[in-house]
Amino acid sequence: MIFDIKKDLFTLFQKQNIVLSLSYRQIMGEQLAEGLAYTTPLMVGLIDTLLSNLNMMAYNLLQNSIDEAKGAARVHLIAERHATDPLKKEMFRHAGDEMRHSRLFAKMIANTGYEYEEVPDTKEIERATNAVLEFDDDLYAFICRVHSIEIRSWVMLRHYLYILGKYPNENVRAMIPIFEEILDDEIRHVVYTGKWVNKWLEENGSLASTLSECVAHTNRETWHDVSSMANYMVTADRNSDEVPKDFARLTAGRWERTEQT
Ligand SMILES: [Fe+2]
Ligand SMILES: [Fe+2]
């Protein structure tokens, strides 16, 4: 199932009675166009394949758990350093949500029949948090970036839900309400970050190119993720009893890659 994310995004704001600026509409209209990595059939097929066996599913849940913890740490750090109320409050709530998601993803690993040792490496999370320093002097750019990532999370979770809905295994289907709960939060994150970005765009036109670049960047980054996911298939031991330990290989990405542009 392929989503028309541009249309869905505009409708979402309309339902919240948020009037979108022309600038926001134009940028998102251009950037959320066809061929966006996370709306391609290729991505749906990859997720379908990744979830096609319980070992890979466990691995994927663990990865998500780590990514969410990293996201929480970054949002919290930037809120603490740079934001003022009411944005600060919203960002703290956001960080709390992502931390809860991290725990939920980790907990769902049990539904696959696999176990995990302690979600590892505070070091990895610490490293990712430090990578955020790149945004340290620019709250606006940070929120633009987060906005583009939340849109992607929203779409990706809908792909997961669609695929999980087809799964015959009852324990796996039991994850669906938890995914739905996480999806509700991600939608809220899309809305509040979008609300701020939209407001700032009206006050300061120079943010337009930042937002545009952030969405384009998230798209490029997602193509990297697609290739990492495909690469994982090369080495995945689909019959192993253990969740692979070297998940860092796949999770190292996201924000760290930001530094390269
Ligand atoms: Fe999340
Ligand atoms: Fe989120």
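What follows is calculated from the coordinates using simple rules that are stated; it is not laboratory data. Quantities reported herein were computed from a predicted structural model and do not represent experimental measurements.
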Quick one: which of Lys15/Lys89; Lys15/Lys107; Lys89/Lys199; Lys7/Lys166; Lys166/Lys199; Lys70/Lys199 span more than 29 angstrom between C-alpha atoms?
-> Lys15/Lys107; Lys166/Lys199
Using only Cα atoms, locate the centre of segment 36-55 and the centre of segment 160-184, then give the distance between them in Å, rounded to an integer.
-> 15
Once phi is turned into ³J(HN,Hα) by the Karplus curve 6.51 cos²θ - 1.76 cosθ + 1.60 with θ = phi - 60°, what whole-Hz value does each residue of segment 77-85 show in order, with x for glycine and proline?
-> 4, 5, 4, 4, 7, 10, 8, 10, 5
Per its Cα gyration tensor (rounded if a/c is under 1.5, else prolate when a/b beats b/c, else oblate), segment 5-235 is best filed as prolate
